[in-house]
Amino acid sequence: SKAKVDNTRWVNVQFVTSVMPGLGWNFYPKQSVVRIHPGQIETVIFVAKNTTNEVVVGRAVPSITPGIAATNLKKIECFCFVNQSLKAGEEKEMPLRFFVSPELPKDVSDMTLSYSFFPAVKSGN
């Protein structure tokens, strides 16, 4: 069932990124905010760069505010679904494809999607 696009309203989705201590990466969205209609599929590119001289594996953990918006932001494709491995000095573009559900309460017109990149737990250590 394809979500109908609600052309009667706009939602601003802002992107905030952070990198936890111990992960030598730069990480940022190419667009800090998008303005979309609920039901409209959007792709935003995030960039991660490993600034260290060794392979580093990270895991992105999303959080969404306000809380009511969290269940209404639907990710189709996300770099946060799996661990991301970057070689020394490697830079990678990582897509997020998502839409905001038309079920989003009418009084919510702004939401913030935050991603924190953590060092992934190394297995066998």
Which residues, counting only those in region 91-116, are open to solvent by 50 Å² or more (accessible area, probe 1.4 Å) and closer than 24 Å to residue 48 by Cα? 91, 92, 93, 97
Check whether at least one residue in region 65-72 is at pLDDT 95 or above and within 11 Å of the chain's Cα centre (by Cα), and report yes or no. no
Just to be sure I understand the filter: pairs with C-beta atoms under 8 Å, separated by 6 or more residues or on different chains, first member in region 53-78 and closer than 27 Å to residue 21 by Cβ, second member assigned to a loop (DSSP other than H, G, I, E, B) and open to solvent by 60 Å² or more (accessible area, probe 1.4 Å). Which pairs pass? 55/87; 57/83; 57/122; 58/83; 59/83
Please enumerate the residues belonging to region 98-125 that are in contact with a Gly (Cβ under 7 Å, 6 or more places away or on another chain), in a loop (DSSP other than H, G, I, E, B) and among the hydrophobic types (A, V, I, L, M, F, W, C). 120
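Please go through region 85-121 and pick out each residue that is of a type in the set (Phe, Trp, Tyr) and either without any contact (Cβ under 8 Å) to a residue 60 or more places away in the chain or over 14 Å from residue 26 (Cβ atoms) (or both).
So the first thing to find is which residues in region 85-121 are of a type in the set (Phe, Trp, Tyr), and the list is 98-99, 115, 117-118.
Once the filter is applied, which keeps residues that are of a type in the set (Phe, Trp, Tyr) and either without any contact (Cβ under 8 Å) to a residue 60 or more places away in the chain or over 14 Å from residue 26 (Cβ atoms) (or both), region 85-121 yields 98, 99, 118.
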Listed by first then second residue, the pairs whose first member lies in region 25-48 and is at positive phi, whose partner is part of a strand (DSSP E or B) and open to solvent by 20 Å² or more (accessible area, probe 1.4 Å), with beta carbons under 7 Å and at least 6 positions apart or on separate chains, are 39/99
Which count do you get for residues in region 3-27 that are at pLDDT below 95, open to solvent by 40 Å² or more (accessible area, probe 1.4 Å) and within 16 Å of residue 72 (Cβ to Cβ)? 1
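The values are calculated or read from the model by the stated rules, or taken from the named source; none is laboratory data. Since we're looking at a predicted model, the values are computed, not measured. Positions of Cβ are generated from backbone atoms using ideal geometry, with glycine treated the same way; all protein chains shown enter the neighbour counts. These area figures cover heavy atoms from the full protein model, side chains too; ligands, DNA and RNA do not enter into them. Shrake-Rupley method; radii C 1.70, N 1.55, O 1.52, S 1.80 Å.
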